[in-house]
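Q: First the structure, which I've put down as structure tokens, then a few questions once you've had a look.
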Amino acid sequence: MPMKVLEATVATFDGVFQQFTNEAANNKANFILFYADKEPSTNLSWCPDCVRAEPVIYKKLEEAPGNVALLKAYVGDRPSWRNPQHPLRVDPRFKLTGVPTLIRWENGSIKGRLEDHEAHLEKKIDTLLSED
């Protein structure tokens with residue numbers, strides 16, 4: 001099944017997240033990927049863990065049976081993300097500490113998550129996908 005991808009920035013996150021949650025019941029699985037912005041000069045994320053994890057995450061989610069939705073939330077540039085008061089760091093729904101962070105979102109809360117040091121591991125992504 002094709003994966004539906006929504007993208008959000010810090011500024012647009014609340015509105016896009018509302019759309020994502022409104023459509024969640026239509027999907028077999030719903031994921032949020034918190035991801036570092038791309039550097040304009042390279043068109044690659046400033047975060048090496050994000051660069052490593054993104055293709056693996058997309059591959060595994062695209063291979064998943066059933067409808068899968070992904071909200072890709074860009075956290076901003078490195079100085080913005082490093083601020084301890086970054087809006088997504090202090091948001092009690094997510095409790096982010098690093099990027100990339102892949103969250104399985106179900107019934108209005110986190111069902112599972114992979115942090116920055118493990119978000120590129122296929123077996124861990126498979127486990128997150130198979131949680132029912």
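Q: Would you please give the residues with an amide H less than 5 Å from that of Leu44, counting only those at least 5 places away or on a separate chain, with H modeled from the backbone geometry?
A: Glu39
Q: Further question: Quick one: which residues, 5 or more positions from Gly112 or on another chain, have an amide H under 5 Å from its amide H? H modelled 1.01 Å from N in the peptide plane, none for Pro or chain starts.
A: Here Arg104 satisfy the definition.
Q: Counting helices only, and only those DSSP H runs with n ≥ 4, report the 222 nm mean residue ellipticity of the chain as the sum of -39,500 (n - 2.57) divided by its residues, in deg cm²/dmol to the nearest 500.
A: Rounded to the nearest 500, the figure is -9500 deg cm²/dmol.
Q: Which far-off residues, 5 or more places away or on another chain, put their amide H under 5 Å from the one on Leu71, with H placed in the peptide plane?
A: Those qualifying (amide H under 5 Å, at least 5 residues apart or on another chain) are Leu6, Phe31, Ile32, Leu33.
Q: Roughly what angle does helix 48-63 make with the longest principal axis of the chain, taking Cα atoms, 0 to 90 degrees, to the nearest 10?
A: It is inclined by approximately 20 degrees.
Q: Once phi is turned into θ = phi - 60°, what whole-Hz ³J(HN,Hα) does the Karplus curve with 6.51, -1.76 and 1.60 give for every residue of the range 27-38, x standing for Gly and Pro?
A: Ordered by residue, 3J(HN,Hα) equals 10, 5, 8, 10, 10, 10, 10, 8, 9, 6, 4, 8 Hz.
Q: Rounding to the nearest 10 and keeping the result within 0 to 90°, find how far the Cα-based axis of helix 13-23 lies from the longest principal axis of the chain.
A: Here the helix axis deviates by roughly 0 degrees.
Q: Determine the share of the range 33-132's accessible area contributed by carbon and sulfur atoms, expressed in whole percent, with a 1.4 angstrom probe.
A: Working: 2660 of 5010 Å².
Reported share for carbon and sulfur atoms: 53 percent.
Q: Counting only DSSP beta bridges with both residues in the chain, what percent are antiparallel, rounded to the nearest 5? Mind dumping the intermediate values first?
A: Working: 10 of 23 bridges.
The antiparallel fraction comes to roughly 45 percent.
Q: Given N residues in the chain, what is its alpha carbon radius of gyration divided by 2.2 N^0.38 Å?
A: Working: Rg = 13.8 Å, N = 132, 2.2 N^0.38 = 14.1 Å.
The value comes to 0.98.
Q: Looking at the calculated P(r) for the range 76-132, what percent of the C-alpha pair distances fall above 13 Å? List each step's numbers first, then the result.
A: On the way: 1013 of 1596 pairs.
The calculated P(r) of the range 76-132 puts 63 percent of pairs beyond 13 Å.
Q: Further question on the same structure: Report the residue, chosen from Gly66, Gly108, Gly76, that carries the largest GNM mean-square fluctuation when the chain is represented by alpha-carbon nodes joined by springs under 10 Å.
A: Gly108
Q: Expressed as a rounded percentage, what relative contact order does the range 25-132 have, with Cα pairs under 8 Å and six or more residues apart? Don't jump to the answer; show the numbers that get you there.
A: On the way: 168 pairs, mean separation 37.4, N = 108.
Over the range 25-132, the number comes to 35 percent.
The values are calculated or read from the model by the stated rules, or taken from the named source; none is laboratory data. All values derive from a computational prediction rather than experimental measurement. Heavy atoms of the whole protein, side chains included, go into the accessibility calculation; ligands, DNA and RNA do not. Shrake-Rupley method; radii C 1.70, N 1.55, O 1.52, S 1.80 Å.
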